[in-house]
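Encoded as structure tokens, the structure appears first; notes follow it.
Values quoted throughout were computed directly from the atomic coordinates according to the rules given, and no laboratory measurement underlies them. Since this is a predicted model, take the numbers as computed values, not measurements. Here the Cβ is made from the backbone with ideal geometry for all residues, glycine too, and neighbour counts use every protein chain on show.
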Amino acid sequence: MTTSLKEITSDDDYDAFVRTNAAVVVHFYASWCEPCAAMDELMIELAKARGGSVAFARCDAEEMETVSAREGVTSVPYFVFVRDGRRVDAHEGADAAVVTNKTKQYFPRTASASASASASASAAAAAPAAASTKDALNARLKSLIESQPVVVFMKGHPEEPKCGFSRKVVDALKSAGVKFGSFNILADDEVREGLKVYSNWPTYPQARVLFFLFNAFVLFASSGIRRRRTRRRLRYNFRARRGGRVEGRVRRGRGQSREHHQRQN
């Protein structure tokens with residue numbers, strides 16, 4: 001098994017790489033950046049651990065200006081995560097834990113066999129059938145939920161939310177100092193529809209705190225709740241989850257019905 005990372009040297013090379021591989025992580029680096037060298041070592045270790053189910057590559061951000069601008073690279077190291085030809089997330093900074101967790105989150109091992117098979121002509125018919133089964137989807141959803149202690153399934157990314165409710169959830173978590181992972185449901189219809197059934201909740205965003213569904217949008221979107229109260233209640237609920245206590249459903253704010261939020265989604 002090779003332990004080297006693919007070096008992308010042209011725009012066409014980049015486009016072909018993300019198009020022909022079902023699961024992709026690209027590291028945008030600079031030769032003068034010491035943290036980038038350390039993150040290259042992490043990428044090599046992740047490549048070994050995944051056994052070829054995820055394709056890892058590196059791209060010189062300064063040499064590849066067009067691709068860097070297209071992907072929104074403003075500093076290095078910078079990581080782009082692509083699934084089935086579509087960008088699902090990105091991360092800026094030399095945080096090994098975040099890159100590792102996002103790799104696990106977007107490319108869980110339970111789905112790796114189907115992802116690899118879909119890239120192979122000989123198994124093209126078997127992959128969709130396996131991915132479409134309820135058990136396979138539930139296993140993937142469980143893996144996503146358990147990838148980090150707090151995971152927000154939202155529209156867009158924390159750096160660029162695509163709806164007001166998602167933005168409010170992200171802002172509240174950040175203001176409370178809670179570290180969290182995220183999943184962009186707009187990039188994956190299977191997860192978007194499947195999680196509604198899995199969680200028995202029809203709208204987004206959905207926040208999972210230590211694997212429990214926490215209907216955070218009700219708390220954060222209510223106009224009558226002040227920021228200070230939001231932070232205090234969030235910390236309280238987070239401590240309760242960590243201690244094993246399961247809270248009841250958070251009460252809706254005045255004038256915020258479930259039907260109202262469902263119309264917004």
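For ALA176 and VAL98, a Förster radius of 22 Å and the Cβ-Cβ distance give a FRET efficiency of 0.75, rounded to the nearest 0.05.
Peptides 13-24, 161-172, 30-41 ranked from most to least packed, by the mean per-residue count of other Cβ atoms within 10 Å: 161-172, 13-24, 30-41. As a calculated quantity, the FRET efficiency between THR20 and LYS134 at R0 = 25 Å, using C-beta atoms, amounts to about 0.30. Note on LYS179: lysines with a C-alpha under 22 Å away, same-chain residues under 8 apart excluded, are LYS102, LYS104, LYS142, LYS155, LYS162, LYS168.
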